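> Just passing along the structure, written as structure tokens.
The values are calculated or read from the model by the stated rules, or taken from the named source; none is laboratory data. Just so it is clear, the model here is predicted, and its values are computed rather than measured. Positions of Cβ are generated from backbone atoms using ideal geometry, with glycine treated the same way; all protein chains shown enter the neighbour counts.
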Amino acid sequence: MKKKYLSLAVIPALALVLLGAGQASAHGWFGMGNNATPDEIAQSQQSMFQKEADLLGVSVDDVKNAWAQGKTLQQLAQEKGISQDQLKQKLADARKQQMSDHLKTLVDKGVITQAQADQRLQFMQQQAQNKNNAMSGKGMGMHGGFGMMGL
């Protein structure tokens, strides 16, 4: 039972990392500080809705409706027949793609070499795997149940 709760705690954490909630807390409510224009706020929110819809394979309207009702990403996924394990895998896959895209940009701009990018990606994947193993094996995890849809 303890493992089930801990594995459920991983999903919001992965979602927050994926969609940049760390930036939201560091840079204001919508991740743009207090000087965001109405257009920037609208674009940021629309982008979040689109990312969540793409992740789950649902419509943006489904995501907006769930968000308006205060539902978490996990709740919407469950309603759409997506298991916790499937959601966890979707989030992990999306995060890996995001990391790869970021590293490719750094290589393309001459900031790092391809070998450095490959090494960094391997390191990041090991860190993610170690974190997952620690959470499921030793009972370490994050507390709270806030989903990214609460932003």
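> Output the number of residues of the stretch 104-122 satisfying the condition of being closer than 17 Å to Ala94 by Cα and either modelled with pLDDT under 80 or not charged (D, E, K, R) (or both).
Result for the stretch 104-122: 3.
> For the stretch 33-65, give me each residue that is in a helix (DSSP H, G or I), among the hydrophobic types (A, V, I, L, M, F, W, C) and either over 21 Å from Arg95 (Cβ atoms) or without any contact (Cβ under 8 Å) to a residue 40 or more places away in the chain (or both).
Ile41, Ala42, Phe49, Ala53, Leu55, Leu56, Val60
> Among what's in the stretch 66-85 and is exposed (fewer than 13 other Cβ atoms within 10 Å of the Cβ) and assigned to a helix (DSSP H, G or I), pick the residue that is modelled with the lowest pLDDT.
Asp85
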